[in-house]
Amino acid sequence: MQSCDIAIIGGGMVGAAAAALLAQQGREVVLVEAELPAPFAAEQPFDLRVSAISAASVALLEQAGGWAHTRAMRACPYRALETWEWEGFTTRFHADELGLPQLGYIVENRLVQLGLLAALEQHPHVRTLTPARLARLEQEPQGVTLTLTDGTQLSARWVLACDGAESVTRQLAGIGVSRFEYRQHCMLINIDTDAAQQDITWQQFTPSGPRAFLPLSGQHGSLVWYDSPARIRALMALEPAALEREIRAAFPSRLGGFRVTGRGSFPLVRRHANRYHAGRVVLLGDAAHTINPLAGQGVNLGFRDVACWCELLQKAGEKWHDAALAGRYERRRRPDNQLMQSGMDLFYASFSNRLGPLPVLRNLGLGLADRAGPLKALALRYALGL
Ligand SMILES: Cc1cc2nc3c(=O)[nH]c(=O)nc-3n(C[C@H](O)[C@H](O)[C@H](O)COP(=O)(O)OP(=O)(O)OC[C@H]3O[C@@H](n4cnc5c(N)ncnc54)[C@H](O)[C@@H]3O)c2cc1C
């Protein structure tokens, strides 16, 4: 039986960040990861799974020691963000409005994870067990006993479930989840662009769903196409030349010339765990909540969970294993995650609706939002976690 202070199940972006920050506090951490990501090579094509990482998340990754490694691989800073439905009614945010060098970075999920895992290698307080999966979990008053699929047994004072949306740890802890399937899928398309390196991300709302562009390093980008499941299935089946024709017809002309280099699709599902903890098992990141990716907030909320849990443990000092901390964590994080989920749903519902005066009202709203001065800066600060 191995023992540790904190066992973390899942070494994705959220679990690896939590491991690094808790090890910095001197906690003995065991990280259990099912499958390590492939190492980075500069000639690799861009992954499809990319995230807009906010300024606050970059600060957390820097503190965890992972960001310098990730930045040395590849990450694309973006300074502006534009969203509109009708031309002329655009809301535009710029880093200059907050006096920031950039609003954040577009970066491949795998490279954030690899950067953090590289940082963990230097921590004497972290052991990584991989490939390994959780098979059984037994709660005791002072801790949890875990059994992995290879028979390894582990005892820990806290278990952090960071094993993603379909978290096995959450299920083994007996925590249910409320789930809502949007009637839309989302297609991710990697492209090479004729335009030079860009530092703006934009999103246009259309009657069948948003179309977004995220810049990647060099002359590359990621397109996000939200549409009905049937339409996305049909697009996925097209030859590259036919898909490019469809993209040209569906995306705004500012996209310019491009070639498709990769594609994949995902169903859109909102999930929220009924509780964020059971006994000494605590949920973080996608294990606790998933959100419509419309505003690129998913992992940024996960990093806020990490920051909150680490702060609670640090402030607790010698009482870091006090069972009451889990309740305090939930009281702080649930309202924030709920607010962002509901905000995205309101936005999504409003832009999906073509009835009566709504299209006019929402476009006026976007136009007005652009001139809202301090309110606009406040909204931007909230989205960036500042
Ligand atoms: C289309 C799309 C676009 C998105 N865009 C953005 C964006 O722009 N910005 C943003 O902030 N977020 C975005 N997100 C959300 C973001 O991708 C997720 O929030 C993020 O990946 C969650 O990280 P995580 O570490 O919690 O979970 P995951 O990334 O799912 O990592 C879980 C880890 O646990 C491991 N694991 C799983 N089960 C076990 C087990 N039983 N035992 C051991 N290990 C296990 C897995 O191998 C994995 O490494 C997007 C999501 C989608 C679907």
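Any read-out appearing in this document is the output of simple, stated calculations on the displayed coordinates, not a laboratory observation. Since this is a predicted model, take the numbers as computed values, not measurements. Positions of Cβ are generated from backbone atoms using ideal geometry, with glycine treated the same way; all protein chains shown enter the neighbour counts.
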Completion exercise
Here, E43 and A59, labelled 7 Å along Cα→Cβ, have an inter-label distance in nm of 4.1
Exercise for the section: Among I200, L216, L116, flag the residue with its Cα farthest along the positive direction of the charge dipole of the chain, charges on Cβ as +1 for Lys/Arg and -1 for Asp/Glu. Expected result: I200
Handout entry: Residue order, fewest to most surrounding Cβ atoms within 10 angstrom, among D322, D150, D5
Key = D150, D322, D5
Problem - Computed [θ] at 222 nm, deg cm²/dmol, the chain (DSSP H ≥ 4; -39,500 (n - 2.57); rounded to nearest 500) - result: -11000 deg cm²/dmol
Practice task
State the extension gain, in nm to one decimal, for the chain segment bounded by F266 and A165, taking 0.36 nm per residue of separation less the distance between their alpha-carbons.
Solution key: 35.1 nm
Handout entry: Value in Å of the Kirkwood radius, where the stretch 62-123 supplies the Cα pairs that are averaged
Key = 13.5
Problem - the stretch 1-149, dipole about Cα centre (Lys/Arg Cβ +1, Asp/Glu Cβ -1), debye to the nearest 20 - result: 260
Exercise for the section: Quick one: compute the contact order of the chain, relative version, from alpha carbon pairs under 8 angstrom and 6+ residues apart, as a percent. Expected result: 21
Completion exercise
Burial-style ranking of 135-145, 10-20, average other-beta-carbon count within 10 Å with highest first, yields 10-20, 135-145
Problem - Highest to lowest packing among 104-112, 25-33, scored as the average C-beta count within 10 Å - result: 104-112, 25-33
Completion exercise
With +1 at each Lys and Arg Cβ and -1 at each Asp and Glu Cβ, the charge dipole magnitude of the chain around its Cα centre, to the nearest 20 debye, comes out at 860
Handout entry: Model label zone, Q219; criterion: amide N under 18 Å from point 7 Å along Cα-to-beta-carbon; scope the stretch 99-120
Key = none
Fill in the blank from the handout: Here the equivalent ellipsoid of the stretch 37-90, derived from its Cα gyration tensor, has semi-axes (largest first, whole Å) of 28, 17, 9
Fill in the blank from the handout: Simple SL model, points at 7 angstrom along Cα→Cβ for E239 and Q338; separation in nm is 5.3
Handout entry: Test item: Cα-centred dipole of the stretch 229-272, Lys/Arg +1 and Asp/Glu -1 on Cβ, debye
Key = 220
Fill in the blank from the handout: In whole percents, the bins of 10 Å from zero upward hold the Cα-Cα pairs of the chain as 5, 23, 32, 25, 13, 4, 0
Practice task
Estimate the FRET efficiency between R328 and D194 by the formula 1/(1 + (r/R0)^6), using the beta-carbon distance for r and 56 Å for R0, to the nearest 0.05.
Solution key: 0.60
Practice task
Please sort through the DSSP H helices of the chain and keep those with an alpha-carbon extent of at least 18 Å along the long axis and a Kyte-Doolittle average not below -0.5.
Solution key: 109-121, 298-316
Fill in the blank from the handout: Largest-first semi-axes in Å of the equivalent ellipsoid built from the Cα gyration tensor of the stretch 182-269 are 20, 14, 12
